[in-house]
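The values are calculated or read from the model by the stated rules, or taken from the named source; none is laboratory data. These numbers come from a predicted model, not from an experiment. Here the Cβ positions follow ideal geometry from the backbone for every residue, glycine too, while neighbour counts run over all protein chains shown.
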Amino acid sequence: MKDKDYIVIVQCHIVKERCSGYNCESAFHERTGGFAGYPKDKAYRMLSMTCGGCCGQAVHRKLSNLIRRIKKTEAVTKDRIIVHLSSCITKDNFHAPPCPHLDYLKSLIAKLGLDVCEDTFIDEKSEKRRKEGLYRAND
Ligand code: SF4
Ligand code: SF4
C-alpha cells in the first residue's frame, strides 16, 4: 500500500444507478474503512468507475484503457496503482447482497497485473448487522 499513489475505486454498476458514490469518496478523504491504511499526509490521485454491469467484464476494458493512457501520458506504471472493490461489491449491504461475480472481478484485475483489495466505505450499523447475521438487503 505504501508504494501506491493512484487509487481506483470500482463500484457496482447496478448500485450506482441510485448511489452517488459519496460515501466511498468520503471514506477515502477521511482515510476510514478500506482506506484506513493510507496516510492522510500523502497526496493520492483517485478515480472511480463502475464495473459496467453484470458480469463485470467491462472492468477489464476500463482498467486496461487506464493502464495504457496513464502510462503514455504521465509515465505512471501499474505498480503505483491499486484497485479497491467498493463495499457494495464485497459485502451484504443496504442496497443489495454482495456481487455474485466477486471472484471473477478479482481475476480480471489480477490478469491485468494490478493489485486489488476489498472495501471502501464501512457503515458501522451495517457492519453490526452483518456480524449479528441480521442483514437483509433494503431493510
Ligand atoms: S460502497 Fe456505498 S457509497 Fe460506495 S458505491 Fe457502494 S453503495 Fe455507493
Ligand atoms: S457484476 Fe457485480 S458489481 Fe457488477 S453490476 Fe453485477 S452485481 Fe454489481
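For this structure, a couple of remarks:
- Being at negative phi and in contact with a Pro (Cβ under 9 Å, 6 or more places away or on another chain) holds for only one residue in D79, D103, D92, and it is D92.
- Scanning region 80-139 for residues that are among the aliphatic types (A, V, I, L, M) and under 20 Å from F35 (Cβ atoms) turns up I81, I82, V83, L85, I89, L102, L105, I109, L114, V116, I122.
- The residues in region 1-35 that are closer than 14 Å to C117 by Cβ, at pLDDT 95 or above and among the hydrophobic types (A, V, I, L, M, F, W, C) can be counted, and the count is 8.
- Here S64 fits the description: more than 16 Å from ligand 2 (Cβ to nearest atom), farther than 25 Å from R129 by Cβ and not charged (D, E, K, R).
- Among the residues of region 8-26, those identified as surrounded by fewer than 20 Cβ atoms within 10 Å (Cβ to Cβ) and farther than 16 Å from D123 by Cα are H13, I14, K16, E17, R18.
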